[in-house]
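Below you'll find the structure, written out as structure tokens, and then a few comments.
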């Protein structure tokens, strides 16, 4: 009874043990030593020639797995859209699990991602606090939200705020899955002047009918080409202030070319803050 017959089979994968194999294992172990048997004794085997061995298991319906994945996906979409439709793209197979209380855990979807036409949701199956397996559920997705769409052409470098874009853009509900991965700028954000205080501008032109996305935006430089800045020139304890024309965009810490009014040459100055540059000997 204590003779090891091998590893327990996986749930749903029974193994076949035949009588000849069992006899060889007993003889190899030496459980019936010759000293224990009479010289004339003969060992006779009786019973079934084969035995099927399987671990106790349970079937978890594929519909239960799909429902768990759907609930997680719909919650994720509700934070990114005003309405959404999801449909299982393929049949989810039943899972064969060990005996015990099954628990499904849906892996979190990427927080920074945007809705896609086809999305995968990974679901983990656990039994008795032990991980068993993972299965993927595929969905066809549509998700709508009001976004900002250009009414007229906007050139690169245009300041992006509620005042500048008023009349140049409109709010339109679109299917987010039809857009590129870049996140669209919500129309509600413009209404609340969220862009007005963010200090952003267009990185590239925006065509009429094109959706304004994060890919179009960049932060405003501390000094911009064609604008004026305050120049501080330090020499020991002496500091001289003057007004200079900025010849290239620059952010804090960068060096830019500036020109003093009436001067013939250019000066390389370091950007120290909004509208401020300095030169040191």
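None of the figures in this text is laboratory data; all of them are computed from the coordinates on show. In this text the structure is predicted, and so the values were computed from the model without any measurement. Cβ atoms come from the backbone with ideal geometry, glycine included; neighbour counts cover every protein chain shown.
Kindly identify the range 228-279 as rounded, prolate or oblate by the Cα gyration tensor criterion: order the square roots of the eigenvalues as a ≥ b ≥ c, call it rounded if a/c is under 1.5, otherwise compare a/b with b/c, prolate if a/b is larger, else oblate.
On the way: a/c = 1.72, a/b = 1.10, b/c = 1.57.
Because a/c hits 1.5 or more and a/b fails to exceed b/c, the range 228-279 counts as oblate.
Counting other beta carbons within 10 Å of each residue's own, what order do 139, 131 fall into, fewest first? Write down the numbers at each step before the final one.
Working: 139 22, 131 10.
Ordered from fewest to most neighbouring Cβ atoms within 10 Å, 139, 131 come out as 131, 139.
Give the span of the chain's Cα atoms along each principal axis, as three whole-Å numbers ordered largest to smallest.
125, 52, 25
Return the whole-Å distance between the Cα centroid of the range 44-96 and the Cα centroid of the range 98-164.
21
What percent do you get for the relative contact order of the chain when only Cα pairs under 8 Å and 6+ apart count?
On the way: 551 pairs, mean separation 31.7, N = 281.
Contact order relative to length: 11 percent.
How big is the range 59-143 by the Kirkwood estimate over distinct Cα pairs, in Å?
Details: mean 1/r = 0.0747 Å⁻¹.
Result for the range 59-143, one decimal place: 13.4 Å.
If the chain between residue 122 and residue 63 were fully stretched, how many nm would it gain, using 0.36 nm times the residue separation less the Cα-Cα distance? Show your work: numbers first, answer last.
Working: separation 59, 0.36 × 59 = 21.24 nm, distance 1.44 nm.
Going from the current span to full extension adds 19.8 nm.
Taking a point 7 angstrom from the Cα of residue 230 along the C-beta vector, which residues in the range 258-272 have backbone N less than 17 Å away?
In the range 258-272, the label zone of residue 230 (backbone N under 17 Å from the point 7 Å along Cα→Cβ) covers 270-272.
Only counting other Cβ atoms within 10 Å, I'd like 53, 65 sorted with the fewest neighbours first. Each step should come with its number before you reach the end.
Values: 53 12, 65 23.
With the fewest neighbours first, 53, 65 line up as 53, 65.
Treating the angle as unsigned and between 0 and 90°, give the value, to the nearest 10°, between the Cα long axis of helix 19-29 and the longest Cα principal axis of the chain.
90
Which angle between 0 and 90 degrees, to the nearest 10, do you get for helix 62-78 versus the longest principal axis of the chain when only C-alpha atoms count?
It works out to around 10 degrees.
Order these by the 10 Å Cβ neighbour count, fewest first: 44, 216.
Details: 44 5, 216 24.
Listed from fewest to most nearby Cβ atoms, that is 44, 216.
If packing is taken as the average count of other Cβ atoms within 10 Å, what order do 86-96, 105-115 fall into, highest mean first? Walk me through the numbers before you get to the answer.
Values: 86-96: 14.9, 105-115: 13.1.
Descending packing order for the listed peptides: 86-96, 105-115.
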